[in-house]
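Any read-out appearing in this document is the output of simple, stated calculations on the displayed coordinates, not a laboratory observation. Note that the structure is predicted; figures quoted are calculated from it, not measured. Note that we place each Cβ from the backbone using ideal geometry, even for glycine, and neighbour counts take in every protein chain shown.
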Ligand code: UT7
């Protein structure tokens, strides 16, 4: 028994922030951002929260799947920017959807969060502990950026994507995932101050910092290797895949992966031009965009791959 994606949805915040606007509030330019990354604009929250974006994306995925919220056994949200330390975003989503029969929890695997959630749900389904689940990748990264650090804040956007997963004989085929904690320092956010009265602590809020070149090297090495691994396990060649739905960190990373696999960029749909890097949200938002274009046929082979903070990576081969 495996599982199949039977519906997708996504939700982006209303406010669009262009590169031109960013160049009015910091020392950057549309030319630098678009030529180094491919990003032209991103959506950032004002009123919206990680939970509200997730609930909206989840509603759309349930409607597309024709599944009622009460039918969900499980909700997993991949996020590193939940609105609360507790309750989890997944519990907020459960309440927002009225998914009274679902067990709900978050996974923090940064940009691999949606893939880690998908793998987890598939394992539950395979074991018979779950039949129908909602997996969401959602972020409001704008709140953990240092808006004085032009080398990171211009890259990221906010948003949520969701998929309904159900037990089936066919669908998700094979997975690869991994973590390299030794490299965690290359993309980190300490965030909360320590409020323990026994511990001397400076009351400085910390924001995301990244060694872009180290993360870049990691991505262009680990992602093709992970994709080759799932292709090898399935006995397939890179050209047998219709679409590669990759984490949207940087167009140059995606081009490097395409080159390494020797496949055309036509097989790599792109959303980073209008969404930026939405961390755990990138892969499910892009999957939903592709799905809603109506270009996926039953049986199409798709590879999804996420990579980032941790450092972590996760790849899944599926038949639509
Ligand atoms: O989802 C998490 C995964 N994250 C990633 O995959 C990120 C991977 N890394 C990257 O995508 C790239 O390393 C970046 C896009 C982050 C940076 O590109 P780069 O080609 O590695 O640039 P750089 O960091 O070497 O910076 C080159 C120059 C520097 O100036 P100098 O020292 O050459 O004078 C930077 O200060 O560009 C400058 N710079 C900027 N200039 C204008 C850095 N950020 C900006 C900016 N606008 N926003």
Under 6 Å between Cβ atoms, at least 6 apart or on separate chains: pull out the pairs that start in region 253-275 with a residue that is closer than 20 Å to residue 285 by Cβ and end on any residue that is within 12 Å of the ligand (Cβ to nearest atom) and part of a loop (DSSP other than H, G, I, E, B).
271/248; 272/38; 272/39; 272/248; 273/38; 275/157
For region 199-213, which positions are within 11 Å of the ligand (Cβ to nearest atom) and part of a loop (DSSP other than H, G, I, E, B)?
208, 211
Please specify each residue of region 155-198 satisfying the condition of being in contact with a strand residue (DSSP E or B) (Cβ under 9 Å, 6 or more places away or on another chain), assigned to a loop (DSSP other than H, G, I, E, B) and closer than 21 Å to residue 53 by Cβ.
155, 157, 158, 189
List pairs: first in region 17-37 and more than 13 Å from residue 157 (Cβ to Cβ), second near the ligand (Cβ under 7 Å from one of its atoms) and in a helix (DSSP H, G or I), Cβ under 7 Å, 6+ apart or cross-chain?
26/150; 27/150; 28/150
Mind checking which strands (runs of 3 or more DSSP E) fall wholly inside region 7-104 and carry at least 1 residues that are over 22 Å from residue 119 (Cα atoms)?
15-18, 41-44
Just checking, does region 116-133 include any residue being within 16 Å of the ligand (Cβ to nearest atom) and surrounded by 14 or more Cβ atoms within 10 Å (Cβ to Cβ)?
yes
Members of region 295-309 found to be in contact (Cβ under 8 Å) with a residue 60 or more places away in the chain and more than 10 Å from the ligand (Cβ to nearest atom), listed by number
301, 302, 303, 304, 305
